[in-house]
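Worksheet: the structure to be examined is printed underneath.
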Amino acid sequence: MNHRPCFSAVRDIALGCVIVFASQALAAEPAPATTPEVEKRVESLLSQLTLDEELSLLYGDGNMGTHAVDRLKIPAIKFSDASVGVRCWGPSTAYPATVALAATWDAELSGAMGVALGRDARARGVHVLLGPGMNIARQPQGGRNFEYLGEDPYLASVMAVGFVKGVQSQGVAACIKHFIGNEQEEGRNSWSSDIDPRTLHEIYLPPFKACVQQGGAWTLMNAYNKLNGVYCSENALILNQILKTEWGFNGMVMSDWGSTHSLIGCMNGGLDLEMPKDDVYKTVEIKSLLASGEIQKATIDEHVRRLLRVMVAMKFLDRPQQDDSIPKVDLASAAVAYKVAAEGTVLLKNAGHILPLDTARIHKILVIGPHAVKAVTGGEGSSYTKSNVPSVSVAAAVAAVGGKGVTVETVPWEGMTLSGAKSVYEAIDGQVGLKATYFDNKYLRGEPVLTRQDAQVDFNWKSGTPAAEVKGKSFSVRWEGKIKAPKTGDYLFAINSDDGGRVFVDGKEVLNTWWDHETVRRTTRVSLAADAVHDLRVEYFNSGGLAEVQFGWEAAKPLISDELAAKLTDADAVIACVGYSPSEGYEGEGSDRTWLLPPGQDAFLKAVVAANAKTIVVLNAGGSVDMRSWLDHAAALVHAWYPGENGNTAVADILFGKRNPSGKLPTTFEKRWEDAAAFGNFPGRDQHVTFAEGLFVGYRWFDQKKIEPAFPFGFGLSYTTFTISRAETKREGGKATVSFDVTNTGAVAGATVAQVYVRPAPAPVERPDHELKGFARVELAAGETRRVSVGLDATSLAYFEVGSNSWKTPAGRYQVAIGLSSREIEQTVDLDWK
């Protein structure tokens with residue numbers, strides 16, 4: 001509460017800051033492919049480099065940078081994750097998740113966020129910002145969907161281009177990622193994403209192409225996975241042919257950290273820079289291959305040339321990258337973060353117009369759930385940013401915005417404490433605890449190096465090892481024992497580990513974090529019968545670095561305590577805050593999540609909405625979750641995504657009507673997982689992920705299969721209403737203009753997004769029913785009407801023809817549909833194309 005005035009100031013100045021930043025971003029032209037002056041300087045530098053100096057520029061310094069060549073005043077390039085904050089060099093502004101930015105459907109705001117991030121980077125001396133991410137949300141469980149820009153390639157393209165222009169307008173290179181086919185985290189290090197050529201060109205490549213050709217992006221990061229059987233870090237088809245030759249990309253391609261597999265493959269396949277170090281780009285081996293002719297000196301020169309071109313074009317050689325005139329704690333950046341949260345929050349349900357909350361009638365508000373008093377700002381993994389300032393929780397924000405006439409109460413969320421003292425194991429052969437078997441490898445294979453009895457699984461070895469017998473930092477452990485439930489009921493099982501852990505009860509896996517990661521906590525509920533003895537197995541591996549693992553089990557507490565039940569009955573309104581967070585359920589890099597909410601939350605919501613019909617659910621997640629057990633009985637649903645450092649203030653402003661919600665879904669929310677396009681082909685099998693749905697991702701699938709979604713693509717409610725009328729098309733040469741009126745028919749000012757979809761003319765190939773090809777965010781006073789125009793051209797009507805490797809626009813009659821979502825079409829007009 002003590003920093004509320006700061007956030008109030010941020011909210012008040014947000015609009016002005018964004019207008020300034022947006023105009024800067026949109027005025028910035030794409031970075032030129034190159035210029036004669038740039039090329040002359042690059043060639044001069046290249047000619048002066050020794051072979052050893054050239055080779056030193058091809059790999060990183062083992063952390064977040066490259067090597068300098070002091071003799072020629074070539075600086076080391078400093079990198080930072082990611083799309084939602086400059087996270088690697090101390091605290092910084094923590095912006096909302098990129099999917100929240102996509103939910104604004106505001107291209108100017110995307111540019112503003114890019115500008116703000118560029119300023120944050122310059123304040124810390126960062127040359128390259130490792131974002132934006134623009135993989136497509138193929139299924140809701142994708143662990144990094146929150147880092148991306150939704151399911152539609154056109155929406156993702158527009159938003160990403162604005163972001164890239166904004167970042168680069170500040171003298172910082174944007175790095176577009178992950179190229180390509182990294183639509184899930186399961187198996188990302190080795191599995192193959194199998195995508196047919198037409199789908200690749202129409203769905204997955206367009207955002208990258210737009211950022212190269214319209215945004216002028218200077219750097220690109222390859223994906224970890226294989227594409228059609230070839231690792232993306234050495235895939236000459238996508239790096240050399242499509243990216244560098246067909247699209248004319250003149251910038252630098254870098255590997256994702258540790259994504260390289262072979263020297264010749266990467267060197268000849270188009271990878272310019274290996275990060276974070278020389279896992280394959282080893283100087284001695286490169287020299288040997290040069291001598292044998294398997295690698296050409298011209299190839300090395302071209303990789304170095306691209307790195308130098310970025311440095312010269314972005315003026316890294318001509319000025320200090322750190323700009324000390326930019327404050328590290330920047331109120332202007334915080335204002336942009338607030339505005340993204342405010343515009344990106346989506347109101348999905350508002351039964352009986354319970355929102356906005358009327359403080360003349362609503363006096364007692366109960367704020368509950370795992371995210372009530374804990375501010376959840378971002379998803380996990382390499383995008384997570386530690387914010388400059390303490391973040392405001394939903395409960396604190398509601399109390400501050402609600403004012404003196406509102407009493408806000410909370411009830412602690414009953415999670416599980418990982419305490420070894422609470423876990424009880426059955427004695428076996430007179431020994432209490434678990435049989436522990438330690439291996440000198442991460443695979444639980446071979447002969448164990450140590451067997452002992454561990455009373456509990458409660459270890460933090462830090463950078464050490466479990467015992468003298470375990471020689472290396474890479475090791476694994478298996479604990480085995482038996483447990484007995486004292487009474488019939490639900491029991492909580494939890495594991496906390498760095499790196500992988502998993503838990504089995506009676507041979508059935510109940511928890512799994514079996515991959516390399518920083519500390520991750522997972523919990524689940526398991527029903528056990530009284531007095532039955534159950535086999536328990538806990539497994540852990542460490543790949544290196546820090547090593548930590550804790551496991552515990554205990555009786556689950558009641559979902560609704562007596563205290564909570566009484567307060568639910570007494571409350572004028574309930575705000576239930578649920579979703580994913582480090583202590584509840586993992587959504588982030590390295591792991592896909594479940595479609596279900598984290599353990600206990602679904603049942604908790606079901607009980608809460610049954611107890612108080614005036615329950616407003618505030619959801620933190622990167623996409624949809626299973627809502628079937630509680631949605632029909634909840635009064636309202638607010639999707640807050642991950643709202644950043646001050647985003648809960650924006651959420652509270654929306655709840656009380658200080659801001660009118662205007663966010664629109666960038667993904668389709670399904671009623672059932674079985675309805676989704678990827679169902680049956682996710683996560684994959686035999687180390688292959690088949691994109692069998694082809695073009696029909698998201699709303700395209702729901703349209704083709706005539707499936708009713710829970711909430712359609714582009715949907716979002718407002719506290720006012722809008723209509724679209726008087727649509728017409730006008731054709732001039734190779735372009736067309738769609739014009740229409742948007743009217744605010746309600747009693748308060750608000751904003752909506754008019755969405756333009758194109759229904760295809762007859763073609764020799766199957767095409768989606770309609771596809772997004774334009775949109776306009778429109779802010780209107782009550783009763784105001786505005787004429788809006790959206791441009792279309794041949795590319796808006798085209799499909800990719802595989803045989804000719806080119807785009808085709810069939811002549812014929814197209815239909816242009818304008819609406820407020822993909823399923824709320826208000827006007828249709830014909831467009832003849834010859």
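Bear in mind these aren't lab numbers, they're just calculated from the coordinates by the rules spelled out. For clarity, every value in this text was computed on a predicted model and none was experimentally measured. Every residue, glycine among them, receives a Cβ derived from its backbone with ideal geometry; neighbour counts consider all protein chains shown.
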### Message
What number results when the radius of gyration of the chain, computed over Cα atoms, is divided by 2.2 N^0.38 Å?
### Response
0.96
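What percentage of all Cα-Cα pairs in the range 543-644 are separated by more than 20 Å? The partial results should precede the final answer.
Numbers: 2408 of 5151 pairs.
Taking all Cα-Cα pairs of the range 543-644, the fraction more than 20 Å apart is 47 percent.
Once you list every other residue whose beta carbon is under 10 Å from the beta carbon of residue 677, what net charge do they have if Lys and Arg are +1 and Asp and Glu are -1? Spell out each step's value before the answer.
Numbers: positive: 138, 700, 705; negative: 151, 670, 675, 693.
Value of the local net charge: -1.
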### Query
So how many Å³ per residue does the convex hull of the Cα atoms of the range 477-529 work out to?
75 Å³
### Task
Sum up the charges of everything whose Cβ sits under 12 Å from the Cβ of residue 508, counting Lys and Arg as +1 and Asp and Glu as -1, but leave residue 508 out.
-1
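With N denoting the number of residues in the range 127-223, provide Rg(C-alpha) divided by 2.2 N^0.38 Å, to two decimal places.
Details: Rg = 12.8 Å, N = 97, 2.2 N^0.38 = 12.5 Å.
For the range 127-223, the normalised Cα radius of gyration comes out at 1.03.
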### Only Lys, Arg (+1) and Asp, Glu (-1) charged, at Cβ; the range 345-421 dipole about Cα centre in debye
180 debye
### Query
At what distance in angstrom do the alpha carbon centres of the range 724-782 and the range 240-290 lie from each other?
43 Å
### Query
Once amide H atoms are placed 1.01 Å from N in the peptide plane, what residues at a sequence separation of 5 or more from residue 134, or on another chain, have their amide H within under 5 Å of its amide H?
177, 178
### Query
So for the chain, taking the charge dipole from beta-carbon charges (+1 Lys/Arg, -1 Asp/Glu), which of 373, 223, 749 sits furthest toward the positive end?
749
### Query
In vacuo Debye scattering of the range 422-524, one point per C-alpha: log10 I(q)/I(0) at q = 0.12, 0.13, 0.22 Å⁻¹?
-0.44, -0.51, -1.43
## Note on the structure
If every Lys and Arg gets +1 and every Asp and Glu gets -1 at its Cβ, then about the Cα centre the range 23-149 yields a dipole, in debye to the nearest 20, of 340 debye
## Note on the structure
Diffusion coefficient in µm²/s returned for the range 594-696 by Stokes-Einstein, Kirkwood Rh over C-alpha pairs, 10 °C and 1.306 mPa s, is 99 µm²/s
### Message
Given the DSSP H assignment, sum -39500 (n - 2.57) over each helix run of at least 4 residues in the chain and divide by its residue total; what's the result at 222 nm in deg cm²/dmol, nearest 500?
### Response
-7000 deg cm²/dmol
### Message
Could you tell me the ratio Rg/Rh of the range 695-834? Both radii from Cα atoms, Rh via Kirkwood.
### Response
1.00
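How large is the charge dipole for the chain, taken about the Cα centre, if only the Cβ atoms of Lys, Arg (+1) and Asp, Glu (-1) carry charge, to the nearest 20 debye? Walk me through the intermediate numbers first.
On the way: 84 positive and 97 negative charges, 263 e Å.
Here the chain has a charge dipole of around 1260 debye.
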### Query
If you count, for each residue, the other Cβ atoms within 10 Å and average over each peptide, how do 192-200, 125-133, 558-566 line up from highest to lowest?
125-133, 192-200, 558-566
### Summary
Relative contact order as a percentage, the range 691-742, C-alpha pairs under 8 Å and 6+ apart, gives 23 percent
### Message
Give me the net charge for the shell around residue 771: Cβ to Cβ below 10 angstrom, other residues only, Lys and Arg +1, Asp and Glu -1.
### Response
0
### Query
Of the listed peptides 614-621, 626-633, 653-660, what is their order by residue-averaged count of other C-beta atoms within 10 Å, with the highest listed first?
614-621, 653-660, 626-633
### Task
Largest first and in whole Å, give the semi-axes of the range 287-412's equivalent ellipsoid, each being the square root of 5 times a Cα gyration tensor eigenvalue.
53, 19, 14
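Hey, what does the equivalent ellipsoid look like for the range 367-450, semi-axes from the Cα gyration tensor as sqrt of 5 times each eigenvalue, largest first, whole Å? Before the final figure, lay out each step's value.
Details: eigenvalues 406, 93, 11 Å².
Its equivalent ellipsoid spans semi-axes of 45, 22, 7 Å.
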### Query
If one computes the Cα centroid of the range 815-834 and of the range 130-190, what distance in Å separates the two points?
28 Å
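Could you order the peptides 823-833, 669-679, 137-147 from most to least packed, using the average number of other C-beta atoms within 10 Å per residue? Don't skip to the end; give the middle numbers.
Details: 823-833: 15.5, 669-679: 19.1, 137-147: 27.5.
The peptides rank, most packed first, as 137-147, 669-679, 823-833.
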### Query
Which value, in Å³ per residue, describes the convex hull spanned by the Cα atoms of the range 205-330?
147 Å³
### Task
Quote the Stokes-Einstein diffusion coefficient, in whole µm² s⁻¹, for the range 271-357, based on the Kirkwood radius over alpha carbon pairs, a temperature of 10 °C and a viscosity of 1.306 mPa s.
84 µm²/s
### Summary
The answer for the per residue Cα convex hull volume of the range 71-175, in Å³, is 103 Å³
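Please state the shape class of the range 668-719: rounded when a/c is under 1.5, otherwise prolate if a/b exceeds b/c and oblate if not, all from the C-alpha gyration tensor.
Working: a/c = 2.63, a/b = 2.26, b/c = 1.16.
Note, shape of the range 668-719 comes out prolate.
First check a/c for the range 434-475, with a ≥ b ≥ c the square roots of the eigenvalues of its C-alpha gyration tensor; if it is under 1.5, answer rounded, and if not, answer prolate when a/b is larger than b/c or oblate otherwise. Don't jump to the answer; show the numbers that get you there.
Numbers: a/c = 1.80, a/b = 1.09, b/c = 1.64.
Oblate is the answer for the range 434-475, as a/c is 1.5 or above yet b/c matches or exceeds a/b.
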